[in-house]
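Chemist: The structure's right below; bear with me while I get my questions together.
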Amino acid sequence: MPIKPQSQNGDIHVPTHVAIIMDGNGRWASARGLPRTEGHRQGAESVRAVIKAASRAGVEYLTLFGFSSENWKRPSGEVMDLMGLLRLYLRKELAELHKQGVRFRVIGERSRLAPDIQALIEAAENRTRDNVGLTLVLALSYGGRAEIANTARALAEKVQNGELLPSDIDENLFASSLETADIPDPDLLIRTSGEQRISNFLLWQTAYTEFVFTDTLWPDFRADEFEAALSAFRSRDRRYGAVGV
Ligand code: IPE
Ligand code: IPE
Ligand code: MG
């Protein structure tokens, strides 16, 4: 499958899909002598601001890394606080997101989440399914390697059942068997807090994504920072392995 520029919004200068690793909440709180949870709470404000800024800019898909497969290893108190904030967010923000025309989606191993959170997610996805504004993808209990391994297993089962031949499996089929099948690959990936790593986020999907790293901690990341990342993206020359123009 040739990897092509995806400019569904018709303007190659505006990324169709922006993915964000929202990092640095704990350090933001520690620097103020506050508990880490305060950083997570403040981070929810940045989520609100960035959703609005993305819609305004004409971005069509925004994927936010909210909780990784590995974040389950954190102290149980912090995991509980994060799940509590997620619950609150799903209960309180949905009406506003719906009003803004946002289509809400979750990727990740949702079966590991509490049953009431799973129910809130399902209700949110159903309620916003037909919205035509920004698609907001929240990655929860998400790990890129797990997603790839789960997909490989599902395809292996199809081969075993005789539904597929091994020779049917190519990049195209694999991509369309991932949870992100109907979502274009991210054009731009932003990571806050100065860390410059992928931390098991969208491993398959970021093959040709442009990366922007900023030292700003997530709770301080607002519309102006988002717009600065879009402007950095505009100056990139995406070659996809070919020769530039
Ligand atoms: C990002 O902030 C939020 C989650 C990973 C859930 P962190 O909690 O990782 O904050 P730092 O990186 O420790 O500062
Ligand atoms: C990545 O941040 C996960 C999320 C932002 C949800 P981490 O803080 O968990 O990543 P590492 O541990 O610094 O790589
Ligand atoms: Mg972190």
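The values are calculated or read from the model by the stated rules, or taken from the named source; none is laboratory data. Quick caveat: nothing in here was measured; it's all calculated off a predicted structure. Counting neighbours? That spans all protein chains shown, and the Cβs are built from the backbone with ideal geometry, glycine included. In case anyone asks, the SASA skips ligands and DNA or RNA and just uses the protein heavy atoms, side chains included. Shrake-Rupley method; radii C 1.70, N 1.55, O 1.52, S 1.80 Å.
Chemist: So what are the ³J(HN,Hα) numbers for region 167-174, from phi and the Karplus equation (6.51, -1.76, 1.60; θ = phi - 60°), rounded to whole Hz, Gly and Pro as x?
Modeler: Once θ is set to phi - 60°, the couplings for region 167-174 become 6, 6, 7, 9, 4, 4, 5, 4 Hz.
Chemist: Quickly work out the A242-to-N200 label distance, labels modelled 7 Å from Cα along the C-beta direction, and quote it in nm with one decimal.
Modeler: 3.6
Chemist: In whole Å, largest first, what are the principal axis extents of the Cα atoms in the chain?
Modeler: 57, 47, 34
Chemist: Probe radius 1.4 Å, ligands and nucleic acids left out: which of L173, L86 has the largest accessible area, and how do the rest follow?
Modeler: Of L173, L86, the descending order of accessible area is L173, L86.
Chemist: For the chain, what is the relative contact order in percent, using Cα pairs closer than 8 Å and at least 6 residues apart in sequence?
Modeler: 28
Chemist: Quick one: which residues, 5 or more positions from R103 or on another chain, have an amide H under 5 Å from its amide H? H modelled 1.01 Å from N in the peptide plane, none for Pro or chain starts.
Modeler: Amide H neighbours of R103: G133, L134, T135, L136.
Chemist: Nearest 20 debye, what's the magnitude of the dipole of region 33-179 about its Cα centre given +1 on Lys and Arg Cβ and -1 on Asp and Glu Cβ?
Modeler: 640
Chemist: So, one more: Output ³J(HN,Hα) for region 110-118: one whole-Hz value per residue in order, computed from phi by the Karplus curve 6.51 cos²θ - 1.76 cosθ + 1.60 with θ = phi - 60°, and x for Gly and Pro.
Modeler: 5, 5, 7, 7, 4, x, 5, 5, 4
Chemist: In sequence order, what are the phi-derived ³J(HN,Hα) couplings for region 182-192 according to the Karplus relation 6.51 cos²θ - 1.76 cosθ + 1.60 with θ = phi - 60°, rounded to whole Hz, with x for glycine and proline?
Modeler: 9, 10, x, 4, x, 7, 9, 10, 10, 10, 8
Chemist: Which of the aspartates and glutamates could a cross-linker span from K99 if the Cα-Cα distance has to be under 19 Å and same-chain partners fewer than 8 positions apart are dropped?
Modeler: E45, E60, E122, E125, D130
Chemist: Another one. Using the heavy atoms of the protein chains alone and a 1.4 angstrom probe, what is the accessible area of the chain per residue in square angstrom?
Modeler: 50
Chemist: Additional query: Please report, as a whole percent, how much of the solvent-accessible surface of region 122-166 comes from carbon and sulfur atoms (probe radius 1.4 Å).
Modeler: Percent of accessible area from carbon and sulfur atoms in region 122-166: 50.
Chemist: I'd like the trypsin sites (Lys or Arg not before Pro) in region 110-150 restricted to DSSP loop residues with at most 10 other Cβ atoms within 10 Å, sorted by number.
Modeler: Within region 110-150, the qualifying trypsin sites (Lys or Arg not before Pro) (loop, at most 10 other Cβ atoms within 10 Å) are R129.
Chemist: Taking only C-alpha pairs under 8 Å that are 6+ residues apart, what is the relative contact order of region 107-245 in percent?
Modeler: 21
Chemist: Follow-up. How do D23, D170 rank by accessible surface area computed with a 1.4 Å probe, from largest to smallest?
Modeler: Descending accessible area places them as D170, D23.
Chemist: Suppose R0 equals 35 Å; then what is the FRET efficiency for H98 and L173 from their Cβ-Cβ distance, rounded to the nearest 0.05?
Modeler: Here the calculated transfer efficiency is 0.55.
Chemist: Related question: Work out the length of the dipole vector of the chain about its Cα centre, built from +1 on the beta-carbon of each Lys and Arg and -1 on the beta-carbon of each Asp and Glu, and round it to the nearest 20 debye.
Modeler: 540
Chemist: Roughly how many debye, to the nearest 20, is the charge dipole of region 152-225 about its Cα centre, given +1 on each Lys and Arg Cβ, -1 on each Asp and Glu Cβ, and no other charges?
Modeler: 260
Chemist: If one computes the Cα centroid of region 186-207 and of region 60-130, what distance in Å separates the two points?
Modeler: 20
Chemist: Ordering E195, E70 by how much accessible area each has at a 1.4 Å probe, largest first, what is the list?
Modeler: The ordering from most to least exposed comes out as E70, E195.
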